[in-house]
1. Ordered by packing density, taken as the mean number of other Cβ atoms within 10 Å over each peptide's residues, highest first, how do 519-529, 419-429, 194-204 rank?
2. Heavy-atom accessible area of His570 with all protein chains present, probe 1.4 Å, nearest 10 Å²?
3. For Arg45 and Ile189 in one chain, what is 0.36 nm times their gap in residues minus the Cα-Cα distance, to one decimal in nm?
4. What nm value, rounded to one decimal, do you get for the distance between Thr624 and Ile490 when each label is placed 7 Å out toward the C-beta?
5. Pop the C-beta distance of Phe576 and Phe105 into the FRET formula with R0 = 22 Å and round what comes out to the nearest 0.05.
6. Please work out how much accessible surface Ser613 shows to a 1.4 Å probe, ignoring ligands, DNA and RNA, in Å² rounded to 10.
7. Would you kindly find the accessible area of Trp409, with a 1.4 Å probe and non-protein molecules such as ligands, DNA and RNA excluded, rounding to the nearest 10 Å²?
8. Treat each spin label as a single point 7 Å out from the Cα along the C-beta direction, and report the Phe246 to Trp587 distance in nm.
Amino acid sequence: MSHNEVEVREKFLQDNTQANGKKSKDLPKEITCGIWHFKGSQLQRFATENMFMVLYGIAGCFMAMAFSYSNGTITTLEKRFKIPTKISGLISVGNDISSVFSSAFLAYYAGRGHRPRWIAVGLLFMFVFCLMTALPHFLYGAGEDALKLTQHSDILNSSKANAEDLMLCHRNSSSQCEMKETSASVPIILLFMAQFISGIGGALFFTLGLPYMDDNSLKSKTPSMLSWSAFLRMLGPAAGYSLASFCLRLYIDPWEVPSIKNSDPRWLGAWWLGWLVLAVTMLISAIVIYMFPREMPSAYARRLQSKGDSEKKEATAELSLGGMMQCLKRLSKNRVYVCNTIASTLYVFGYLPYWIFTPKYIETQYRQTAATASMATGPVALGFSAAGVLLTGFVLSKYKPSARWMAAWNGIVDVLTIAGILCYVAIGCEESDRANTLSALTSSADNCSLSCHCDYVPYSPICGSQNFTYISACHAGCQHKENDPMGRTIYTECKCMPSVANDIKEAGDPQLPFAVDGPCPVDCQRQFLIFMVVMCLLKFIGSTGRVTNLLLALRCVPPEDKTFGLGFGHVVVSIFALIPSPIIFGWILDYYCLVWGKTCSNKGNCWLYDTRSLRYVMNLISATFIFLGCFGNIAVWYYAKDLEIFDENEGKPNEPEELELKDKEDIILE
C-alpha cells in the first residue's frame, strides 16, 4: 500500500468517527474489523489489503502444509493399513469430489456474502480434516507389525517364537493365515471422509480469497499481491514435507525402542503426529481471518467516490438459481475462459501424479527413505517454486505484459515441462531395476521357495551371501536364525539361493549359504541427485506460469462473474483432472507391482515395483496430457488479443484512491 493510500484510509476512519461522534466499533459493519466485542480502534488499522494478503498467505501456507504432509506420509499409511496405491489414490480425490458439488454453489452464494467469514468457515473444515486424519492411529494404534519390531513390546515377548517360526521355511506344513490384522475398511472410510471435508474447506478458501484480494486492491497491484500470497503458500509444501520428514524419522510409537533403523523398508514413522500440529494452526488461522471486514475501507472509499453504492447493489441484487445459470451461460460463451480452463485441466491431469506421488516415486526408483524423499520433495524442490513465483510477480508488475504474452509464456512452460518429464524417463537406477525384478522372480517362479509355503509371510528382506535380496528368509529357504557377535540377525541353511541350489542337490554339500537381515545395499545416489536437479528446474519453470494463468482467469470474465468463474473452473478441473488422475496413476502404480504384502483378507500394499516399466509408462502418459494442453494455450493466445490485464488509467493523476482530504467528508456514511 502506498503512502497516499494509507493517508486516505486513516483519514477516512478519523473523519467518520469525528463527524458522527462514534467510536470505531460503530463504523459501518461492512468495513469493521474484529470479532464479537473485540472491535477497537487498534484493530481497525489492520484492515488493509497488505495485511490480508500476508495473513491469507500464511493461512494458505498452513493449508498447503496439510496437503503436502498427506502426500509425504502416504507410503507409510499404505504400509500401516495395508492399502493398495489405487485405493490411496481414491482416498486422495475425496477432497476433489466434494469440491465438485460445493465449489460453484459456494462461490456463487458465499461470494456475495461476508467472504472473510466464509473463508474462516473453510479453515474450520480443515481443522476437522486434520483431526479426522489422525483418528485411525488413536483407534487402532501402531499395529502388530510395527510393535513386533520393537525391543520392549508385550506383543514381541508373547509371540516371539511364533513370529520367528513364521519367517522360516517349513516344507512339511501347509500355508496358513493365523495373523490377526486390523480391518482396513474403517481407516479407509475415515481417511476418505476427512479428505471429503477438506474439499469443502479448500473450496471456500481459494474460490473466495483470491477474488476478495483482487476486488480490494488496484489492478496494477494484483500481480504483486497474488505473487506474494502464492509465495507464502509455496512455503507450505516445503514446511509440510519437512514436518513429514521429521515425523517419519520418529517411530510410529515414539515410546517404544525400534529394533530396526529408519532405512529399513519395514520402518513405520509417526505419521499421525504432524496432524495434531496442523489442527492447531488451522484453528488459529480461522479466528484471525474471521476478523477481517466484508470490504476494506480503502476499497470502500474508492467505490463510493467513483460509482456510488449502486454498483454493489446491482452485484448482489439477484441471488438465485436462474442468476447462477445466466452466469454459467456467459462463461460458456467466453472463449478465453473456456480455452484457459481446458489448458489448465490437461496440465493438471498430467502433472498431478508428481504432486501426489513424488515421495513414493523417489522411494521406489532411487531407494531413498521416506524421510529423505519428503525432505527432497519439500524444502529443496519447492524453494525453486517459491523463487519462480516471486520472480514472475516482479516481472509482471514492472513490465505489465499483454494477455497474449502471458498465454504464450504458458505454452512455453508446457513445452519445457514436457522436456523435463522426458528426462525423467532416462534417469533410472539400473541396479535397483535389476534387483527388484530378480527378487520378484525368485518369489513367484522358484519351486524351492514355493514348497516353503511363504504366502502369508510379511515382507522382511534379507541379503544373501551372493549380494542378492530375498523377500524374506522363508523365500530363501532358510531354516535357522541366530545372532552373530556384532548383533546382526543371521539366517542359515538357506536352500533356495539359486547360485548354489543345484550344487547342493548334486553333491549334498553340508555348508549351506547364509543371509543377513535387511536388503542388500543398492547405490542410486548419483541418479537421485540428477533427478533432483531436473525436478528443481521443472519446479522453477512451472511456477512461473501460475500467476499468469490465474491473471488470465481473473481478467477474462466480468467482475460480477469473477468468483463464480473461479469456482466453476475448479469444478471442471476437479471432474476431469483432480479426481480421475490420482485414481488412474494409482492403478498404474499397482499394475506394475511385483511383490504384494498379502494379508488374510486381501493382497495388501505393494513392497516392490517393476521400476523400469513404471518409469516409462508414468512419465510418458503425463507428458502426453501436458502436450495436449499446449493447444489450449495456443487458443488462449489467439483469442486474448483484446483482453486487458492492467487498467490503462491507473498511474494517472487524480486516481480515485488518491482523493484529496477535502473530499473525504463526502464519503462518510450517514
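The values are calculated or read from the model by the stated rules, or taken from the named source; none is laboratory data. Predicted model only: the values in this text are computed from it and were never measured. Every residue, glycine as well, gets a Cβ built from its backbone with ideal geometry; the counts of neighbours run over all protein chains shown. To get the accessible areas, we keep the full protein, side chains included, count just its heavy atoms, and leave off ligands, DNA and RNA. Shrake-Rupley method; radii C 1.70, N 1.55, O 1.52, S 1.80 Å.
1. Values: 519-529: 15.5, 419-429: 17.8, 194-204: 25.0.
Per-residue Cβ counts within 10 Å, averaged per peptide and sorted highest first, yield 194-204, 419-429, 519-529.
2. 60
3. Values: separation 144, 0.36 × 144 = 51.84 nm, distance 4.57 nm.
Length gained between Arg45 and Ile189: 47.3 nm.
4. Output for this residue pair reads 5.3 nm.
5. On the way: r = 19 Å, r/R0 = 0.85.
Using R0 = 22 Å, I get an efficiency of 0.70.
6. Solvent-accessible area, nearest 10 Å²: 40 Å².
7. Roughly 90 Å² of Trp409 is accessible to a 1.4 Å probe.
8. 4.0
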